[in-house]
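Student: This is the structure, below, for whatever I ask next.
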Amino acid sequence: MHMGTSAALAPIKSTQASGCRLVVREQRGLSEILEFVTAGIEIGQQVVAMAGPSCLKDLALGLGQSGLRPEALIRSGRLIFLTAPDCLTQLKLPTDPLQRGSLRLNGSVLRWVSDWSWAYGNRLEPSVMLHYQRRVHDFVRPLTPLSICTAHCDKTGRSSLLALVADHRRASRSAQHPQ
């Protein structure tokens, strides 16, 4: 897991082996997400992006600007957008949690992007955030080793950033070692 920030805050690295990378963005841009999503689409992988509505809109716009056709990718099932927080309740349902899209579990490798900016922007209680992150990591871990969590935290202080890293570490660990 890695956390990328501006030069003002040194990157924090964890020695814990985890398939999920954490990227904290101080700028509004989605360059890390776009790079991750585009790389998967270009090699034929299915990509699931879970984020708030504005982030999903920006992601679709960015994909379009890079020459991809997000509407066609969504129709074909190669790209699945899940709008947070509404989609979170579906992740624990015993039926197909992604009825809106066609999650291909027996197809090519899946890539998963979780953008948590909507949650940090709404100042959710830390215990609620950790619960959401655990739910997502528990769901995603058996599906793919290729996942990334991001958050836009331009006004977050160093202690909040460290808490974000710790929450992500705990959520990732719970998926590997349920308590």
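The values are calculated or read from the model by the stated rules, or taken from the named source; none is laboratory data. Fair warning: this is a prediction, and the values are worked out from it, not measured in the lab. All Cβ positions, glycine included, derive from the backbone under ideal geometry; neighbour counts span all protein chains shown.
Student: For the range 24-38: of the residues being surrounded by fewer than 21 Cβ atoms within 10 Å (Cβ to Cβ) and in contact (Cβ under 8 Å) with a residue 12 or more places away in the chain, which is farthest from Cys153 (Cα to Cα)?
Tutor: We begin by selecting, within the range 24-38, every residue surrounded by fewer than 21 Cβ atoms within 10 Å (Cβ to Cβ); these are 25-29, 31-32, 34-35, 38.
Now narrow it down to the ones that are in contact (Cβ under 8 Å) with a residue 12 or more places away in the chain: 25-28, 32, 34, 38.
On the way: Arg25: 6, Glu26: 6, Gln27: 8, Arg28: 9, Glu32: 14, Leu34: 18, Thr38: 23 Å.
Among those that are surrounded by fewer than 21 Cβ atoms within 10 Å (Cβ to Cβ) and in contact (Cβ under 8 Å) with a residue 12 or more places away in the chain, it is Thr38.
Student: Let me ask something else about it. Quick one: count up the residues across the range 89-135 that are more than 18 Å from Ile74 (Cα to Cα) and at pLDDT below 70.
Tutor: So the answer is 5.
Student: Restricting the range 120-137 to residues that are under 13 Å from the mean Cα position of the chain (by Cα) and free of Cβ contacts under 8 Å to residues at least 60 places away in the same chain, which is surrounded by the fewest Cβ atoms within 10 Å (Cβ to Cβ)?
Tutor: Start the filter on the range 120-137 by keeping residues that are under 13 Å from the mean Cα position of the chain (by Cα), which leaves 132-137.
Subset that is free of Cβ contacts under 8 Å to residues at least 60 places away in the same chain: 132-135.
Numbers: Tyr132: 20, Gln133: 24, Arg134: 19, Arg135: 17.
My answer is Arg135.
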